[in-house]
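Each remark here refers to the structure printed beneath this line.
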Amino acid sequence: VVYLGFINPEYFLDLRAITFNSVALKEHLEENLNEFKLAPMGITVNNYHEMRDIYGMANLEEGFAFIGKYLKQVFPKGIVFYLRNGRYIVLVDPSTDYDAKCKEIAERFKKVWESERVELYLSASFVTFEILKGKYPTDILIGTMAKALDKAGQDESDEPVYVTESDVENVGKEKYTSKTVTYEEPVASSGIFDALGRMYTMVKSKIKYY
């Protein structure tokens, strides 16, 4: 994924947050699905929409660039991805002390993020993940990450949201259910049209022999 970011930065890098983007995360997960050596950890800026209204989008994006650079310093051997709305995923070594990293980052968020133009006061919440034993489609993994980050950002808990394997399976079931409903609706509609077609044939037949 580093190579892809080098040859095509506009496609695989989020130039605002100075990190890889969600497209790069999807590519990385698909490439390493059978040999996943790094574990995800999530960091989310709390109250994204409120912060956007207070500071303005341009200023907030500059703040995200600061945060992206900072996370790359905290995780020099990790890979930092920016998803959306102040949500980050960092792929780190599974032996990482997550509690220590969360505390370190939380302490940094107690300080202002500032430059010559911007002065931002933000807070953050965190997501940690159970080591998965099963193999899951990439869209299920990313969907689980996004859902957990949204929950963390809404709850603003001091404790990280912990994602288990059953959470991943539940997201998979939700996606399967939504697809089933989507497929069943046209089938039901086609049944109505079939019935109307038969009625039309019967009426036409009666008119013919009247």
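Data table
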read-out: Single residue of segment 157-167 satisfying the filter (open to solvent by 80 Å² or more (accessible area, probe 1.4 Å) and either in a helix (DSSP H, G or I) or closer than 13 Å to Gly42 by Cα (or both)) that is modelled with the highest pLDDT; value: Tyr162
read-out: Any hit, segment 144-155, residues being in a helix (DSSP H, G or I) and closer than 18 Å to Lys69 by Cβ; value: no
read-out: Counted residues, segment 45-78 - those being under 17 Å from the mean Cα position of the chain (by Cα) and not aliphatic (A, V, I, L, M); value: 6
read-out: Any chance Lys111 is out of contact with any Leu (no Cβ under 8 Å at 6 or more places or on another chain), outside any loop (DSSP other than H, G, I, E, B) and over 22 Å from Asp167 (Cα atoms); value: no
read-out: Residue ID - modelled with the lowest pLDDT, chosen from residues in segment 23-39 that are surrounded by fewer than 16 Cβ atoms within 10 Å (Cβ to Cβ) and among the acidic types (Asp, Glu); value: Glu35
read-out: Conditions (1) surrounded by 15 or more Cβ atoms within 10 Å (Cβ to Cβ); (2) at negative phi; (3) not acidic (Asp, Glu): number failed by Gly86; value: (2)
read-out: Long-range neighbours under 9 Å by Cβ, at least six apart or interchain, first residue within 13 Å of Pro160 (Cα to Cα) within segment 121-146, second surrounded by 20 or more Cβ atoms within 10 Å (Cβ to Cβ) and of a type in the set (S, T, N, Q); value: Ala124/Thr44; Ser125/Thr44; Phe126/Thr44; Val127/Thr44; Phe129/Thr144
read-out: Among (1) buried (at least 21 other Cβ atoms within 10 Å of the Cβ); (2) at pLDDT 95 or above; (3) over 17 Å from the mean Cα position of the chain (by Cα) - the single one Gly42 does not satisfy; value: (3)
read-out: Considering residues of segment 107-135 that are touching an Asp or Glu at 6+ places or on another chain (Cβ under 8 Å) and surrounded by 13 or more Cβ atoms within 10 Å (Cβ to Cβ) only, the residue nearest to Asn47 (Cα to Cα); value: Ser123
read-out: Only listed residue being buried (at least 17 other Cβ atoms within 10 Å of the Cβ) and modelled with pLDDT of 90 or more, chosen from Phe20, Phe66; value: Phe66
read-out: Pair list, Cβ under 9 Å, 6 or more apart: segment 66-90 residue without any contact (Cβ under 8 Å) to a residue 24 or more places away in the chain, other residue part of a strand (DSSP E or B); value: Lys77/Val92
read-out: Residues of segment 158-177 satisfying the condition of being in contact with a strand residue (DSSP E or B) (Cβ under 6 Å, 6 or more places away or on another chain) and of a type outside the set (Phe, Trp, Tyr); value: Pro160, Val161, Val163
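Listed here are the residues, each with its yes/no results for (1) assigned to a helix (DSSP H, G or I); (2) surrounded by fewer than 20 Cβ atoms within 10 Å (Cβ to Cβ).
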{"residue": "Arg52", "(1), (2)": "yes, yes"}
{"residue": "Ala58", "(1), (2)": "yes, yes"}
{"residue": "Leu71", "(1), (2)": "yes, no"}
{"residue": "Phe81", "(1), (2)": "no, no"}
{"residue": "Val90", "(1), (2)": "no, no"}
{"residue": "Pro94", "(1), (2)": "no, yes"}
{"residue": "Asp99", "(1), (2)": "yes, yes"}
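The values are calculated or read from the model by the stated rules, or taken from the named source; none is laboratory data. Computed from a prediction, not measured in an experiment: that's the story for all the values here. Glycine gets a Cβ as well: all are built from the backbone with ideal geometry, and neighbour counts include every protein chain shown. With ligands, DNA and RNA removed, areas are computed over all heavy atoms of the protein, side chains included. Shrake-Rupley method; radii C 1.70, N 1.55, O 1.52, S 1.80 Å.
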